[in-house]
Amino acid sequence: MTSLSSVIAGAAVGVVASLYHAAWFPWGMLIIMVALGAGLMGLRVFFLPRYPAALASLGLIAAIVVLAGRDGQGSVLIAGNTPGLSLLAGVSFFVVIANAWPRGLTGSRVKMEHRTSERTRTQ
């Protein structure tokens, strides 16, 4: 279930990013990149294995590749201009960072000690 939901979530983010990356450039691009980074890094930190983040990345890239191609009328959603190239570079950056994130940094390094007071020890 986690696998399917990761792919679907990645594809949904890819579709939204493809549709709105140029509409609100540059602030919309910033919002898209923050949401994309938070989603992928959240999957990587929340789940111990790498496969949820990897599958979400796969769905994201698949949606962007499909929507970047020409349709039957010759129109393209992700053009070769500044917003389009920024989207492709940002997606590539976050996919690589999220999937290369080491396992040891995901857990907390803070050690919690359990201390009991003198009163509770004697009773």
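The values are calculated or read from the model by the stated rules, or taken from the named source; none is laboratory data. What you are looking at is a predicted structure, and each value in this text was computed from that prediction instead of being measured. Reconstructed Cβ throughout: ideal geometry from the backbone, glycine too, with neighbour counts over all protein chains shown.
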Exercise. Within the range 9-20, track down each residue that is among the aliphatic types (A, V, I, L, M) and either farther than 11 Å from Gly84 by Cα or part of a loop (DSSP other than H, G, I, E, B) (or both).
Key: Ala9, Ala11, Ala12, Val13, Val15, Val16
Quiz item: Restricting the range 21-70 to residues that are among the aromatic types (Phe, Trp, Tyr) and either modelled with pLDDT under 90 or outside any helix (DSSP H, G or I) (or both), which is surrounded by the fewest Cβ atoms within 10 Å (Cβ to Cβ)?
Solution: Phe46
Practice problem: Any residue in the range 51-78 that's free of Cβ contacts under 8 Å to residues at least 12 places away in the same chain: show its pairings with residues that are β-branched (Val, Ile, Thr) and in a loop (DSSP other than H, G, I, E, B) at Cβ separation under 6 Å, as long as the two are six or more apart or on different chains. | Solution: Arg70/Val76
Exercise. Can you give me the number of residues within the range 75-92 that are assigned to a helix (DSSP H, G or I) and under 15 Å from Gly14 (Cα atoms)?
Key: 10
